[in-house]
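A short write-up of the structure that comes next.
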Amino acid sequence: MSDPRQLSDQEASQRRRAWLDDRRRWNRDLVVLLLRHAPEVDVARALEQLPAAELQRLARLLAQATDLHQVARRIAIDLQERLDGRQAGPPPGQAGPSTATPTRP
């Protein structure tokens with residue numbers, strides 16, 4: 001007589017896959033949270049501990065998942081704001097204030 005608690009190979013494989021998927025999702029969410037809120041110096045220190053191949057793979061995956069042109073435009077706008085000491089226009093694709101010249105009474 002077989003033990004009712006014993007799983008078949010297929011059931012065990014499905015549970016293992018589900019557990020690994022859950023762990024992967026949890027780890028991914030944790031990394032996103034830490035990158036968003038951890039001090040930059042701590043993130044840099046952690047990234048320095050990754051082997052070069054892992055760091056290259058991470059960089060490639062992040063670059064593929066990111067619109068680098070949008071990031072570059074936002075950086076340029078931020079730099080211009082700092083250099084000018086004023087607000088530059090809104091990022092491309094967003095409506096800005098009217099450019100009409102006000103009339104004097």
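Quick notes
- Considering residues of the range 35-90 that are at pLDDT 85 or above and in a loop (DSSP other than H, G, I, E, B) only, the residue surrounded by the most Cβ atoms within 10 Å (Cβ to Cβ): ALA38
- So LEU20, is it at pLDDT below 90 and assigned to a helix (DSSP H, G or I): no
- All of GLN10, GLN6 fail the test of being without any contact (Cβ under 8 Å) to a residue 24 or more places away in the chain, in a helix (DSSP H, G or I), polar (S, T, N, Q) and loosely packed, with under 10 Cβ neighbours inside 10 Å, apart from GLN10.
The values are calculated or read from the model by the stated rules, or taken from the named source; none is laboratory data. Just so we're clear, the structure is a prediction, and the values are computed from it rather than from any experiment. Backbone-built Cβ (ideal geometry, glycine too); neighbour counts: all protein chains shown.
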